[in-house]
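Have a look at the structure below, then the notes.
Rule-based calculations on the coordinates, nothing more; no lab input. Treat the numbers as computed from the prediction; the structure is a model and nothing was measured. Neighbour counts run over all protein chains shown; Cβ positions are idealised from the backbone, glycine included.
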Amino acid sequence: MFERWLVGTKALARHRSAPLAQSRARFLDHLQNLGMAHTNLRSVAGYLLQIVALLKLSEWRDVTLSELEVAAIEWSKNRSAYSGHPAQSLSTPFFMWVSKKWLNFEERLVVPEKPKVWFATEIADYTDRMKVELGLSTVTIHERMLRATEFLRWFSHKSQIFGEIRLQDVDAYLAEKSKRWKTITLIGECHFLKAFFRHAHHRGWCGNNIAEGIKAPPNRREIFAPQGPKWSAVLKLLRCTDGEDPASIRAKALLSLYAVYALRSGEALRLRLTDINWERNCFTIRRGKRGGFQEFPIRPDVRVALRKYIDTIRPQCQFADVFITNKRPHRPLRSGTMRSLIGKRMKKMGIVSPHFGPQSLRHACATQLLHKGMHLQDIADFLGHRSCESVRTYAKFSAKALRAVVATDLTTGL
């Protein structure tokens, strides 16, 4: 029953003779049905043998989480004795992951009771309103819910009564977070909390003074410092993302949208299958800041990338979003995941940039449009800004050009 994943007479004999062989085989079959690669299945099979040995599972019994943690520590210390290879940075986390998945699969993992979630009713109501009344995307709902939950968890150590929340509490929370967060992250947090407390005021849970009193810090950026990579690096990134694996095909489609159309992270992720009109060769974007919709023609290279992803790679699932996780359970991609994926690709290629991720590609595109001589208002419309005033963020001037201006003798002829 292990023939599908293992090769070699000795390996097969070892896996067949170890305890709980049928259970291990069923679990491997379960992972294969979820889409796990063949190489990873062989690795999991080896880990299962070590889990059986370390936990001394001659037959099934309940296993506590603390037992797993002790076994994982022993595994990391003595891995070379078990497998002949030294422990790597991901060895212990992978050991815990396999252990938990297998024991949960067999309903044998005993986990401690989860602590009470304070303000669960308010969070559920907020989530329901975003979904039903406001019609926000799954990604936006998830992000806003997490931010509100994090604040309420922090406040629950002070009080468990929602009506006792004051603006001073929000200020104290933001002051504490500002010690670890960058300014741009703090600005985002202020916007999320402002939206939550507007909902709370709408429901009559608190006064309007909290939402109106939340002030985001100014986002002062050095005007001479570009916020994205050079355009030549962006073009190199697009050219080099030509792999035939699912991750590369999906990345090619996303990178094309971010780089060519300068979309915000959430704007590309909110794209739905029905937003693409292949006959008219255009797609419609839901703008993130100024709201409304904006239609773009599809460039030939972007069309090829999108069709290749949707027709050959995109999983069939209940969601209408274009960009879906490759692994099960399938769900729409989230902004944090996308920033990480694109950032890793940029760093792997050695691209130099003050920032990484979709926003850096947006900056690079806007800067390139300025270099091409596009009018500020046209660029503002293309980027989805309310006015051309916002475009000045991308208007960078080189120190060399400034020195040339300063060196010009303006007193000649006086």
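Note on residue 272 and residue 101: with the Förster distance fixed at 30 Å, the Cβ-Cβ geometry gives a FRET efficiency of about 0.40.
Using the Karplus relation 6.51 cos²θ - 1.76 cosθ + 1.60 with θ = phi - 60°, the per-residue 3J(HN,Hα) values for the range 180-195 come to 10, 8, 7, 4, 5, 5, 5, 4, x, 4, 4, 5, 5, 5, 4, 5 Hz, with x marking Gly and Pro. Spatial offset of the range 132-192 relative to the range 306-357 amounts to 26 Å, using the alpha carbon center of each. Each residue of the range 368-377 was assigned a 3J(HN,Hα) from its phi angle through the Karplus expression (A = 6.51, B = -1.76, C = 1.60, θ = phi - 60°), giving 5, 4, 5, 5, 7, x, 5, 5, 4, 5 Hz with x at Gly and Pro. Here the simple spin-label model places points 7 Å from the Cα toward Cβ, and for residue 169 and residue 308 these points are separated by 5.2 nm.
Label-to-label distance, residue 295 versus residue 279, with points set 7 angstrom from Cα along the beta-carbon direction: 1.3 nm.
Highest first, please rank the peptides 39-49, 265-275 by the mean number of other Cβ atoms sitting within 10 Å of their residues.
On the way: 39-49: 17.0, 265-275: 19.3.
The most tightly packed comes first, giving 265-275, 39-49.
Measuring from centroid to centroid over Cα atoms, what is the spacing of the range 18-68 and the range 232-263 in Å? That distance is 37 Å. Our estimate of slack between residue 70 and residue 55, defined as 0.36 nm per intervening residue step minus the Cα-Cα distance, is 4.5 nm.
Per-residue extension of 0.36 nm, minus the Cα-Cα distance of residue 121 and residue 337, leaves a gain of 75.0 nm for this segment. Length gained on full extension, residue 240 to residue 16, computed as 0.36 nm times the residue gap minus the Cα-Cα distance: 76.2 nm.
Using the Karplus relation 6.51 cos²θ - 1.76 cosθ + 1.60 with θ = phi - 60°, the per-residue 3J(HN,Hα) values for the range 322-337 come to 5, 9, 10, 4, 6, 9, 6, x, 5, 7, x, 5, 10, 4, x, 5 Hz, with x marking Gly and Pro. Estimated purely from DSSP H runs of n ≥ 4, each contributing -39500 (n - 2.57), the mean residue ellipticity at 222 nm for the chain is -17500 deg cm²/dmol once divided by its residues. How high is the FRET efficiency from residue 247 to residue 154, r the C-beta distance, R0 35 Å, rounded to 0.05? Plugging the Cβ-Cβ distance into 1/(1 + (r/R0)^6) gives 0.45.
For the range 120-213, the square roots a ≥ b ≥ c of the C-alpha gyration tensor eigenvalues yield an a/c of 1.5 or more together with a/b not exceeding b/c, which makes the shape oblate.
Which FRET efficiency, nearest 0.05, do residue 110 and residue 375 yield, Cβ-Cβ r, R0 56 Å?
Values: r = 66 Å, r/R0 = 1.17.
Plugging the Cβ-Cβ distance into 1/(1 + (r/R0)^6) gives 0.30.
In a reduced charge model with +1 at each Lys and Arg Cβ and -1 at each Asp and Glu Cβ, the chain shows a dipole moment near 900 debye about its Cα centre.
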